[in-house]
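This report refers to the structure that appears directly beneath it.
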Amino acid sequence: MDYRNQIQEYINLEIETLKKLDVNAINKAMNLIYDTYEKEGTIYVFGNGGSSATASHYQNDFNKGISEYVEKKFRFLCLNDNVPTVMAIANDIGFEEIFRFQLKNKLKKDDIILAISGSGNSKNVLNAVEYAKECGNKIIGMTGYKGGRLLELSDVSLNAPVMSMQVTEDIHMIYDHLIMSIFYKTMCNKEHLSK
């Protein structure tokens, strides 16, 4: 089989989507993340499926990747990572509560939410976001497609404007590495590019 045309089509869609990203929104998200870091607030990050893996990756890149080189550490907390907790909430209360339940009576005024949902309509993500908004916390929403309800609820929207879940999830990881690499340079005085 010759897959070269399909390969090029996917690459072209990725490039077209990257060119449409909102640089101002990325800048706002970075400032909100940095302000939260300065105030020693927690950044709660979560999502379903592939977005749960992305959420874990964010926690790793900030809590270890950047924090290795700075005195004060980032406080990312991925709500996907404790499988027994997630499964117990899903079984005993309901899957739609797996994130909100973990936030209840824990959110502090300087904490923010980084919610990831490709469709923007994942009920468990929206429940947690709505709870956080009721508590007065800021929301960074990462979505794809047209953004769904999460885009409407977000203080800062990082949307991947593409009708593909695969490319959406690619872009969400690019947001992670883009932000990490800039903080790596500005906070740690380290360059992500090899000489």
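Summed over the stretch 136-183, residues that are open to solvent by 20 Å² or more (accessible area, probe 1.4 Å), closer than 30 Å to residue 69 by Cα and of a type in the set (A, V, I, L, M) total 5. Residues in the stretch 104-125 that are more than 12 Å from residue 47 (Cα to Cα), touching a helix residue (DSSP H, G or I) at 6+ places or on another chain (Cβ under 8 Å) and either open to solvent by 10 Å² or more (accessible area, probe 1.4 Å) or not aliphatic (A, V, I, L, M) (or both): 104, 107, 110, 111. At least 2 residues being open to solvent by 30 Å² or more (accessible area, probe 1.4 Å) and more than 19 Å from residue 179 (Cα to Cα) is the threshold, and among the helices (runs of 4 or more DSSP H) wholly inside the stretch 39-103 those reaching it are 83-92, 100-103. Checked against the criterion of being β-branched (Val, Ile, Thr), closer than 20 Å to residue 184 by Cβ and open to solvent by less than 10 Å² (accessible area, probe 1.4 Å), the stretch 3-25 contains not a single residue that satisfies it.
The set of residues in the stretch 6-51 being touching an Asp or Glu at 6+ places or on another chain (Cβ under 9 Å), over 18 Å from residue 168 (Cα atoms) and hydroxyl-bearing (Ser, Thr, Tyr) consists of 36, 42, 44. Please find, within the stretch 70-97, the residue that is farthest from residue 32 (Cα to Cα) out of those that are under 17 Å from the mean Cα position of the chain (by Cα) and of a type in the set (A, V, I, L, M, F, W, C). It comes out as 79. Under the condition of being farther than 18 Å from residue 96 by Cβ and free of Cβ contacts under 8 Å to residues at least 60 places away in the same chain, the residues counted in the stretch 127-138 number 3. For the stretch 146-166, a residue qualifies if it is closer than 20 Å to residue 28 by Cα, among the hydrophobic types (A, V, I, L, M, F, W, C) and free of Cβ contacts under 8 Å to residues at least 60 places away in the same chain, and the qualifying residues are 150, 151, 153.
The values are calculated or read from the model by the stated rules, or taken from the named source; none is laboratory data. Bear in mind that the values here come from a model prediction, so they are computed numbers and not experimental data. Virtual Cβ from ideal backbone geometry, glycine too; neighbours counted across all protein chains shown. Heads up: the accessible areas ignore ligands, DNA and RNA and are worked out on the full protein's heavy atoms, side chains in. Shrake-Rupley method; radii C 1.70, N 1.55, O 1.52, S 1.80 Å.
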